[in-house]
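Below is one structure, written out as structure tokens; comments come after it.
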Amino acid sequence: MDNNLERLKSIDKKKLPRHVAIIMDGNGRWAESFGLLRSAGHVAGVKTLKRILTTAVNMKLEALTVYAFSTENWKRPLAEVDFLMHLFSDYLEREKQEMHSNNVRINFIGRTEDFSPLIQRQIVEAVELMKNNTGVRFNIAADYGAKDEIVRAARKLALKVAAGKLAIDDINEDIFENELDTAGQPPVDLLIRTSGDLRISNFLLWQTAYAELWFTKTAWPDFSPEEFIDALIDFANRNRRFGAIINH
Ligand code: IPE
Ligand code: IPE
Ligand code: MG
């Protein structure tokens, strides 16, 4: 850990990402490679998440968004969905005090209304507990789909127009962004996906418009703070042009 922080210190702070998003993929394949049940992979994945959040806290990252459960993940067998729900609930219960003491401000993006009453209550309580914290913004994407988020945002704007509170001509990118679940947060600078697949899987389509992409074959349970910092260092060395011409 200290060694990692030393490596980070060697980078110009201004070159580090403000907002990192992670598609935590590969739990099932990781478990199957050891002849274990997929559920064992999800348990191991939660441990990785804890280590990566700690790294984000130590390096004072502004925002970390992790993909925990997609709107498409309901298609999985009921037993796996149930297991993931219990794990999510246990995670919130077990980790919330430590997150709070680390000044983490938790936030949930996605639908949440199809979760059990218990999980919905835990979500509200965790947000309430940490709402005045000033450290890393930790967004958990749960029952999240970017297309769903964009449609919900469009509906909220349509309601405002119908109620006469907003003129169609006043709708612009900033106004639209304010209706997204990540309102008020910086755009994603760096998107990481573990486990070898090269796709976005309906994650943060708006917010990653200009994100740098970083893929690794490492399965999420094996993803380490060292590799996380490798990604950050790689990011720091990239030339972000945003459509302009910038020579380095
Ligand atoms: C990511 O691992 C966790 C969730 C999607 C909930 P997977 O469960 O997708 O693992 P693989 O991709 O099947 O190996
Ligand atoms: C994306 O992973 C969702 C999460 C990591 C929660 P999936 O494993 O569901 O994505 P696909 O099915 O490979 O696209
Ligand atoms: Mg997967």
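All of the numbers you see were taken from the coordinates with simple rules; none came from a lab. Everything numeric in this text was worked out from a predicted model, so none of it was measured. Here Cβ is always computed from backbone atoms with ideal geometry, including for glycine, and neighbour counts include all displayed protein chains.
Points worth noting:
- Only helices reaching 15 angstrom along their own axis (Cα) with mean Kyte-Doolittle hydropathy no lower than 0.0 count here, and for the DSSP H runs of the chain these are 38-58, 117-130, 146-162, 225-236.
- Under the convention that each Lys and Arg Cβ holds +1 and each Asp and Glu Cβ holds -1, the size of the dipole of the chain around its Cα centre is about 340 debye.
- Nearest-0.05 FRET efficiency for LYS156 and VAL124, computed from C-beta distance (R0 22 Å): 0.65
- Whole-Å distance, taken between Cα centres, linking region 54-128 and region 196-238: 20
- Per-peptide packing, taken as the mean over residues of other Cβ atoms within 10 Å, places 106-112, 72-78, 194-200, 168-174 in the sequence 106-112, 194-200, 72-78, 168-174 from highest down.
- Considering region 102-174 at the alpha-carbon level, its Rg and Dmax are found to be 15.5, 43 Å.
- Shape call, region 159-215: gyration tensor on alpha carbons, a/c limit 1.5: prolate
- By the helix-only formula, in which each DSSP H run with n ≥ 4 contributes -39500 (n - 2.57) and the sum is divided by residues, the chain has a 222 nm mean residue ellipticity of -14000 deg cm²/dmol.
- Note on region 41-151: Lys pairs 8 or more places apart or on different chains, Cα atoms under 26 Å apart, count 11.
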